[in-house]
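K.L.:
Take a look at the following structure, please.
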Amino acid sequence: MSEGVLDINDAGRVEEDERFNISFRYKPPPNADIDTLGKRLKMPEEVAKETADLTNFFIELDAESVEKFVFATAASENHFNESKDGVASAQFHFPGKSIFYYDIGLTADQIEEVKKWKFVEYRLFDFSKYPEHFNLNLRMCSWKPYIIRDVLKETGGVLWMDASIRVRSSNFTSVFAQILDNDGFLFFKTTGHSNYAATHSDTYEFLPTRQNKQKRVFMHCAGVLLIYNTREIFDNVLWWWLLCSYDVRCSMPMPKNMCKFAKSRRMETYARCHKYDQSTINILLSNYHGYNLSRCSVIDYDVVTIERWPTTYYDIQTF
């Protein structure tokens with residue numbers, strides 16, 4: 001087990017800091033083939049305890065439990081229209097399944113509209129509980145794992161969708177088979193570059209990994225994820241994703257994020273950018289799976305698509 005997952009009262013990890021009064025160090029799992037401990041990731045003890053509370057809601061994956069997931073998404077005012085067809089697509093392909101819609105900056109009219117959608121539960125994300133960078137730059141998605149954390153306490157499984165995601169099929173046979181084989185975390189889309197190409201070196205100080213091996217691992221998209229609250233995923237991925245997101249030194253090592261990929265060396269060359277939450281979970285999962293992300297992806301099975309603009313493929317269902 002990685003260091004510091006549960007024992008948040010260990011005096012050796014507590015630091016005197018008015019807000020960030022407790023810290024943890026990431027120890028890569030055996031498959032990562034690296035013994036280096038990461039720098040201390042800090043968060044308030046209250047938030048650490050609230051996060052560690054997920055350990056009271058672990059599930060065992062089997063053919064029945066994998067089907068008990070819910071959908072979750074979030075949007076601000078400028079991505080609201082983009083998100084509507086994603087909700088409608090989930091309604092169409094999975095009628096009756098719950099959809100948790102988180103408000104991260106909607107207008108009053110938009111909120112009123114969301115509350116009229118069938119199978120949708122409106123929720124307001126409380127930025128006041130978290131550091132300034134959560135709301136300062138929404139594109140960092142530091143808020144995302146905390147939404148996922150709260151949903152997993154209620155349901156055990158969640159299919160996260162960014163506003164750009166559209167569900168295209170209800171045939172999840174291959175999806176569930178892959179989940180049952182990898183402990184409970186699944187990507188659906190990949191990128192055309194490596195983890196190394198789009199991850200700032202400062203993040204490796206907190207989440208150590210074999211950087212040369214990350215040059216051979218395709219980064220996968222964090223916009224659509226299927227996650228279950230299993231012991232293995234919590235200990236090796238979720239806990240550290242939450243910690244890194246809270247600590248801006250890990251999650252936001254650079255303020256600007258315009259990648260400059262080399263034309264012919266998109267895997268081996270650093271593109272002078274950082275993909276925030278996407279970088280974090282790709283490092284954690286590649287470490288866990290021994291730099292083989294094919295174990296936790298179904299990129300050849302097109303059950304979802306990405307549409308980075310408003311679409312009207314489906315009719316949203318209302319009361």
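Only the coordinates and a few stated rules stand behind these numbers; no lab work does. What you see is a predicted model; the values in this text were computed from it and never measured. Note: ideal-geometry Cβ built from the backbone for every residue, glycine included; neighbour counts use all protein chains shown.
K.L.:
Could the peptides 141-149, 96-104 be put in order, highest first, of the mean number of other beta-carbon atoms found within 10 Å of their residues? Numbers along the way, then the final one.
P.N.:
Numbers: 141-149: 23.0, 96-104: 18.0.
Going by the mean number of other Cβ atoms within 10 Å, highest first, we get 141-149, 96-104.
K.L.:
Return one number: the angle in degrees, 0 to 90 and rounded to the nearest 10, between the long axis of the Cα atoms of helix 277-288 and the longest principal axis of the Cα atoms of the chain.
P.N.:
60 degrees
K.L.:
Between Asp126 and Glu64, with labels modelled 7 Å along Cα→Cβ, what's the label distance in nm to one decimal, could you check?
P.N.:
3.5 nm
K.L.:
Be a star and scan the range 207-246 for residues whose amide nitrogen sits under 15 Å from the point 7 Å along the Cα-to-Cβ vector of Asn137.
P.N.:
Answer for this model: 245-246.
K.L.:
Against the 2.2 N^0.38 Å scaling, with N counting residues, where does the chain land? I'd like the Cα-based Rg ratio to two decimal places. Before the final figure, lay out the partial values.
P.N.:
Values: Rg = 18.8 Å, N = 319, 2.2 N^0.38 = 19.7 Å.
Scaled against compact globular proteins, the figure is 0.96.
K.L.:
Cysteines without a disulfide-compatible partner in the chain, using Cβ under 4.7 Å as the rule?
P.N.:
Lone cysteines by the Cβ rule: Cys141, Cys221, Cys296.
K.L.:
Also, I was wondering about something else. In a GNM of the chain with a 10 Å cut-off on Cα contacts, which of Gly156, Gly290, Gly192 has the highest mean-square fluctuation?
P.N.:
Answer for the Gaussian network model of the chain: Gly192.
K.L.:
Kirkwood Rh over Cα pairs of the range 48-136 into Stokes-Einstein at 37 °C, 0.692 mPa s: D in µm²/s?
P.N.:
Stokes-Einstein gives a translational diffusion coefficient of 218 µm²/s.
K.L.:
Starting from the Cα-Cα distance between Thr305 and Asn81, subtract it from 0.36 nm times their residue separation and give me the gain in nm to one decimal. Mind dumping the intermediate values first?
P.N.:
Working: separation 224, 0.36 × 224 = 80.64 nm, distance 1.66 nm.
Using 0.36 nm per residue and subtracting the Cα-Cα distance, I get 79.0 nm.
K.L.:
Taking R0 as 45 Å, what's the FRET efficiency between Thr312 and Thr36 from their Cβ-Cβ distance, rounded to 0.05?
P.N.:
Working: r = 50 Å, r/R0 = 1.11.
Taking R0 as 45 Å, the efficiency between Thr312 and Thr36 is 0.35.
K.L.:
So, one more: Express in nm, to one decimal, how much length is gained between Thr107 and Asn257 on full extension, taking 0.36 nm for each residue of separation and deducting their alpha carbon distance. Don't skip to the end; give the middle numbers.
P.N.:
Numbers: separation 150, 0.36 × 150 = 54.00 nm, distance 2.72 nm.
Extra length available between Thr107 and Asn257 comes to 51.3 nm.
K.L.:
Compute the distance from the alpha-carbon center of the range 263-282 to that of the range 191-221, in whole Å.
P.N.:
The range 263-282 and the range 191-221 have Cα centres separated by 6 Å.
K.L.:
Follow-up question, since we're still on this one. Could you check what % of the DSSP bridge pairs in the chain are antiparallel, to the nearest 5? Could you put the intermediate results ahead of the total?
P.N.:
Details: 18 of 33 bridges.
Given both bridge residues lie in the chain, the antiparallel proportion sits at roughly 55 percent.
K.L.:
Oh, and also: Counting each DSSP H run of 4 or more residues in the chain as -39500 (n - 2.57), what helix-only mean residue ellipticity at 222 nm follows after dividing by all residues, to the nearest 500 deg cm²/dmol?
P.N.:
Details: 11 runs with 89 residues, N = 319.
For the chain, the value works out to -7500 deg cm²/dmol.
K.L.:
Add +1 for every Lys or Arg and -1 for every Asp or Glu among the other residues with Cβ under 15 Å from the Cβ of Glu307, and state the total.
P.N.:
Working: positive: Lys84, Arg166, Arg168, Lys189, Arg308; negative: Glu82, Asp85, Asp162, Asp302.
Taking every Cβ under 15 Å from that of Glu307, the sum is +1.
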